[in-house]
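Have a look at the structure below before the remarks.
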Amino acid sequence: MIFDFFQGILEYIRQNFVYLHPGYTILNTVVFGIILGISILLIIKMFKYIKKDPADLMIPLIPFIFFGSSARALVDNNIYPLTYILVTPGIYIFTGLMAIFTVLASVYIEKKTNFDYRYIIITVGAVICIPNILFMGPINIIATLQVVGVWALISSIFVLLKNKWSLLKNKFNLSVLMAHLFDASSTYIAVDFYGYSEQHVLPSALTGLVGSAIVMFPLKIAVILGALYIIDSYIEDRTIANMLKLAIFILGLAPGLRNFLSLIMGT
C-alpha cells in the first residue's frame with residue numbers, strides 16, 4: 001500500500017516535471033520558477049562566501065550556457081539520445097552543477113596561484129563544448145542570417161540609445177536586454193518562417209492571440225527593462241542585484257541559443 005502510494009507520486013512527478021517529450025504547463029512552470037528562486041538565493045550566499053561579483057561571470061559562463069543549449073539542440077535534432085539528463089530539468093541541473101563546481105574550484109585555484117579564476121572558468125567551459133560542436137554538422141546559413149540579422153537590427157536601436165538612457169549605460173543591463181532580444185529573434189524566425197511552435201505557457205498564449213511570434217519583442221522589452229529598473233532602483237546590495245541580473249541574462253541566452261541552434265541544424 002505504502003509502496004504503491006510512493007510509486008504513484010514518483011509517476012506523477014515523472015509525467016509532469018521530468019518529461020522526455022518537451023512541454024510546459026502552468027503547474028510545472030510555477031514549480032520550476034520556485035526551484036529557480038530557491039537556487040538563486042543559495043547561489044547569492046555562495047557569492048557572498050567566496051566574495052566575488054556575479055557580474056564578473058557574465059562572459060566566463062557563456063560557454064556553459066552554450067554547452068547546455070547545444071546539447072538540448074542536438075537532442076531536438078535526434079543527434080543526441082532522448083534521455084532524462086538531456087531534457088528539462090535534467091540538462092539545466094547538470095549544467096548548473098558543473099558551472100557551480102567550476103566556479104568554486106577556480107576560486108580555490110586563484111587563492112593558491114593568483115591566476116584569475118575567470119580564465120579558468122571560461123577555459124573549462126570551452127573544453128566541454130568541443131564534443132557538442134563536433135556533432136553539430138552542417139548548418140542552414142539562411143536561417144542563421146535571418147536570426148542574427150533581426151537580432152542585430154532590433155538590438156542596434158538600444159545600442160544607439162544607451163548613452164541617452166541611464167538604464168542602458170550600464171553594460172551589464174544592455175547585455176541582459178540583448179540576450180533576451182536574441183531569444184525573441186530566434187523564436188520569431190523559427191515560429192513565423194519555419195513552422196516551429198512556442199512551448200512556454202505565456203508566450204504561447206500571446207503568440208496564438210496575435211497570430212505571430214513578433215509579439216515576443218514588445219513582451220521581452222517591457223518585462224526586461226521593467227525588471228532591470230526595479231533592480232537598479234530598489235536593490236542596494238550589489239551581490240543580490242548582480243546575481244538577479246545574471247540569472248535573467250542566463251534565462252534569455254540559454255533558450256535563445258537552444259532555439260537558434262535547433263533551427264539552424266534542423267532546417
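The values are calculated or read from the model by the stated rules, or taken from the named source; none is laboratory data. Predicted model only: the values in this text are computed from it and were never measured. Methodologically, a virtual Cβ is constructed for each residue, glycine included, from the backbone with ideal geometry; neighbour enumeration extends over all protein chains shown. Ligands, DNA and RNA are excluded from the accessible area calculation, which covers all protein heavy atoms including side chains. Shrake-Rupley method; radii C 1.70, N 1.55, O 1.52, S 1.80 Å.
Adding -39500 (n - 2.57) for every DSSP H run of four residues or longer, then dividing by how many residues the chain holds, sets the calculated 222 nm ellipticity at -26500 deg cm²/dmol.
Full extension of the segment from LEU145 to ILE35, taken as 0.36 nm per residue of separation minus the current Cα-Cα distance, would add 36.0 nm. Comparing GLY90, CYS129, ASN170 along the charge dipole axis of the range 84-170, the residue lying farthest to the positive side is ASN170, per the Cβ-charge model. Projecting label points 7 angstrom from Cα along Cα→Cβ for PHE101 and PHE135 puts them 1.8 nm apart.
At q = 0.09, 0.16, 0.18 Å⁻¹ the log10 of I(q)/I(0) for the range 53-212 amounts to -0.40, -1.18, -1.33, computed by Debye summation with a single uniform scatterer per C-alpha, solvent ignored. Among rounded, prolate and oblate, which fits the range 80-160 when a ≥ b ≥ c are the square roots of the eigenvalues of its C-alpha gyration tensor, a/c under 1.5 means rounded, and a/b larger than b/c means prolate? Oblate, since a/c reaches 1.5 and b/c is not below a/b.
Highest average first, the peptides 256-263, 133-140, 36-43, 115-122 ordered by how many other beta carbon atoms sit within 10 Å of their residues are 256-263, 115-122, 36-43, 133-140.
With the simple spin-label model, which puts each label point 7 Å out from Cα in the Cβ direction, the PHE94 to SER197 separation comes to 2.6 nm. In the chain, a dipole from Cβ-located charges (positive for Lys and Arg, negative for Asp and Glu) runs towards its positive end, and of MET58, PHE182, ALA222 it is MET58 whose Cα lies farthest in that direction.
Accessible surface for THR123 stands near 80 Å², nearest 10, in the context of the full protein assembly shown (1.4 Å probe). Pairwise Cα distances in the range 154-267 exceed 16 Å in 61 percent of cases.
With contacts taken as Cα pairs under 8 Å and at least 6 residues apart, the chain reaches a relative contact order of 29 percent. Using the 1.4 Å probe convention, the accessible area of the chain works out to 55 Å² per residue with neighbouring protein chains retained.
When each of the peptides 70-80, 183-193 is scored by the mean number of other C-beta atoms lying within 10 Å of its residues, the order from highest to lowest reads 183-193, 70-80.
In a reduced charge model with +1 at each Lys and Arg Cβ and -1 at each Asp and Glu Cβ, the chain shows a dipole moment near 740 debye about its Cα centre.
Evaluated at q = 0.10 Å⁻¹, a Debye calculation over the C-alpha positions of the chain (equal weights, vacuum) places log10 I(q)/I(0) at -0.55. Going by Cα centres, the range 244-267 and the range 46-89 are how many Å apart? Going from one Cα centre to the other spans 10 Å. Measure off, as a whole percent, the carbon and sulfur share of the 1.4 Å-probe accessible area of the range 101-203, all protein chains present. After summing per-atom areas, the C and S share lands at 70 percent. Multiplying the residue separation of TYR108 and GLU236 by 0.36 nm and subtracting their alpha-carbon distance yields 43.3 nm. Taking label points 7 Å from Cα along the Cα-to-Cβ direction, ALA152 and ASP56 give a separation of 3.4 nm. In a DSSP loop and with at most 14 other Cβ atoms within 10 Å, there are no chymotrypsin sites (Phe, Trp or Tyr not before Pro) in the range 43-111. Once the C-beta distance of LEU42 and LYS171 is scaled by a Förster radius of 25 Å, the resulting FRET efficiency is 0.40 to the nearest 0.05.
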